[in-house]
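Everything below concerns the one structure shown next.
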Ligand SMILES: Nc1ncnc2c1ncn2[C@@H]1O[C@H](COP(=O)(O)OP(=O)(O)O)[C@@H](O)[C@H]1O
Ligand SMILES: [Mg+2]
C-alpha cells in the first residue's frame, strides 16, 4: 500500500520525488510533500466527488481500508468534519477508530493527527467523530449537520429510520455520504436504497476479494475453508451475493431427510440423554425424546397432546414413568414459562432434571445470541455429521421451516417462536425436544458391557401415540 518509505514529515519536510508505479495513485499534501498510496483499481473513483459512494461486496475486497486511507488523506489536505457512523455503536471499540488509528501509524501521520479516546483531531482542524445511528434521535444527530463526509460502515444493518434521519442531516454544500457494506438480504433497506434503486449522484461499486491486490494468504485460507465448511454461506460472505429467502433456512431439508434414512450407530459408552419440551398450553404438545450419541432413533418418542398436558401433575407422573422405563443418564427439560414448576417438582421427587431456558444466554456468547440458538446449532452439526433422526414428517417441517438472522453483535439468532407462529409455521415442540438433548455436554459412561445399556431397543416405526404407550 505504501510503496516507498517516504518520510511525510509534512510540517517541515523534504521533497521526495514520486516514483511512477502502475496503478498507484499519488496524493500530495501540499506542493512539497507526498504520501503515496495505492487503491484497488476498481476503487479509483474514490478520489472523485460523488454525493454517495457505495462500496459493497464480500469480505476482503478492500472497502474499509481504502475508505479509511482516503479519509485520512483528505483530512490532511483540508480541514474536514468527518462522521464515522454505524447502526449500532455501543462503544468506540465497535467503530472504525482503531482502523483509522492503525493507518495514522502506517502512513506516518502521527505528527498530524492526535488520537483521542472518542475523536481523532488533525492539526489543521480536521476532526473525526464516531456515532451509532440506532440509538440516536433527530436532535442527537443535529450536531453533525456540519459534517463534510459521513462514512457509514457495516451499512447492511442500517434501518430505514436511520437512513431517513441521517440523509437530511448530512446537508452541508458539497457534503458526501460514503457507504460500505457486505450485503445480506435483498430486501434490507440499505440494499434496496443504494443498490437496487440508487439515488442520483451515486457511485455504486461492487468489490470483491478478487479485486483486492492485497488479499492476503490468511484471508485466502479462510475463503477456501469457507467454501468447504460453509458452502451455503460462501456466496454471501465472500462473493457479496444476497441471500435468498430459502437460504435463511437454518437446517436444510436434504440434510434432515438423509439423517432420517440413516441406521443408528452408537457406542456403548454414549450416555442416554433425554430431552423434554414442556407444553406451553394452547395447541402446543409436550415431547419427550431420547438420544444416545448419534442415535436418536432407537428409543421411542413420546408426545403428550395439548389437552392432556394441561394438568401438570399428570405430566409429572407420566414423565416419572418414562424415566423409570428408559433410565436416561441425563435429563434436560425446558423450564421456560410453564416448565419451571414441573422441573421443580421432578427435582423434589429426586429426579435430577436440568432446567434449560431457550432464551437465556448461550454458553458460547460470541457466536450464538441465546441458548436456544446454540442448541439448535449443535443439533444441526449433529444432523450434518452422522446423527440419525426418527422418521417423522412433523419433525421434518419443524426442523426446516425455522429461519435465522443476526443480532446487533453479529451473532446468529433463530427466528422467534412468536414470529414463526405469526407466519403460520408449526410450533417446533418435537424439534425443541431433540435440541434439548444438546443442551449440556455429558461425559461417556463406562458400563462394562454393551448389553448393559439401560432401556429397551424398540426400532419401531414411530407412529407413536404416547398416551397409548403409557
Ligand atoms: N488500499 C489498500 N492498501 C493496502 N492494503 C489494503 C488496501 N485495501 C485493502 N487492503 C488489505 O486487504 C485486506 C482486506 O481489506 P478490507 O478493507 O478489510 O476489506 P473489506 O472491508 O472489503 O472486507 C485488509 O486487511 C488489508 O490488509
Ligand atoms: Mg470491511
For the stretch 13-30, state whether one or more residues are part of a loop (DSSP other than H, G, I, E, B), under 23 Å from residue 217 (Cα atoms), within 13 Å of ligand 1 (Cβ to nearest atom) and at pLDDT below 60.
-> yes
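Which is within 15 Å of ligand 1 (Cβ to nearest atom) and buried (at least 19 other Cβ atoms within 10 Å of the Cβ), of 215, 181, 194?
181
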Checked 175, 180, 162 against criteria (under 24 Å from the mean Cα position of the chain (by Cα), farther than 22 Å from residue 35 by Cα and more than 16 Å from ligand 2 (Cβ to nearest atom)); the one match is 162
Does any residue of the stretch 421-431 turn out to be part of a helix (DSSP H, G or I), in contact with a helix residue (DSSP H, G or I) (Cβ under 6 Å, 6 or more places away or on another chain) and at pLDDT 90 or above?
-> yes
Restricting attention to the stretch 170-207, report how many residues are in contact (Cβ under 8 Å) with a residue 40 or more places away in the chain and not in a loop (DSSP other than H, G, I, E, B).
-> 15
Based on what the data block shows, is residue 210 without any contact (Cβ under 8 Å) to a residue 60 or more places away in the chain and surrounded by 12 or more Cβ atoms within 10 Å (Cβ to Cβ)?
-> yes
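Here's the yes/no breakdown for (1) within 16 Å of residue 204 (Cβ to Cβ); (2) away from ligand 2 (no atom under 14 Å from the Cβ):
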residue: 36; (1), (2): no, yes
residue: 49; (1), (2): yes, yes
residue: 57; (1), (2): yes, no
residue: 72; (1), (2): no, yes
residue: 76; (1), (2): no, yes
residue: 79; (1), (2): no, yes
Tell me which residues, restricted to the stretch 271-284, are farther than 16 Å from residue 322 by Cα and modelled with pLDDT of 85 or more.
-> 271
Check 71, 80, 109 and return the single one that is under 23 Å from residue 182 (Cα atoms) and surrounded by 15 or more Cβ atoms within 10 Å (Cβ to Cβ).
-> 71
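Residue-by-condition table, conditions (1) more than 16 Å from residue 358 (Cα to Cα); (2) surrounded by fewer than 16 Cβ atoms within 10 Å (Cβ to Cβ):
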residue: 386; (1), (2): yes, yes
residue: 397; (1), (2): yes, no
residue: 412; (1), (2): no, no
residue: 417; (1), (2): no, no
residue: 422; (1), (2): yes, yes
residue: 432; (1), (2): no, no
residue: 436; (1), (2): no, no
residue: 440; (1), (2): no, yes
residue: 446; (1), (2): yes, yes
List the number of the failed condition for residue 315; all other conditions in (1) under 36 Å from the mean Cα position of the chain (by Cα); (2) over 24 Å from residue 270 (Cα atoms); (3) at pLDDT below 95 hold.
-> (1)
Can you tell me which residues in the stretch 52-84 are within 16 Å of ligand 1 (Cβ to nearest atom), touching a strand residue (DSSP E or B) at 6+ places or on another chain (Cβ under 8 Å) and within 14 Å of residue 152 (Cα to Cα)?
-> 53, 54, 55, 56, 63, 64, 66, 67, 71, 84
Identify, please: which residue in the stretch 37-51 is more than 9 Å from ligand 1 (Cβ to nearest atom) and not in a loop (DSSP other than H, G, I, E, B) and is, among those, farthest from residue 183 (Cα to Cα)?
-> 47
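The values are calculated or read from the model by the stated rules, or taken from the named source; none is laboratory data. Quick caveat, the model's predicted, so the values are computed rather than measured. Here the Cβ is made from the backbone with ideal geometry for all residues, glycine too, and neighbour counts use every protein chain on show.
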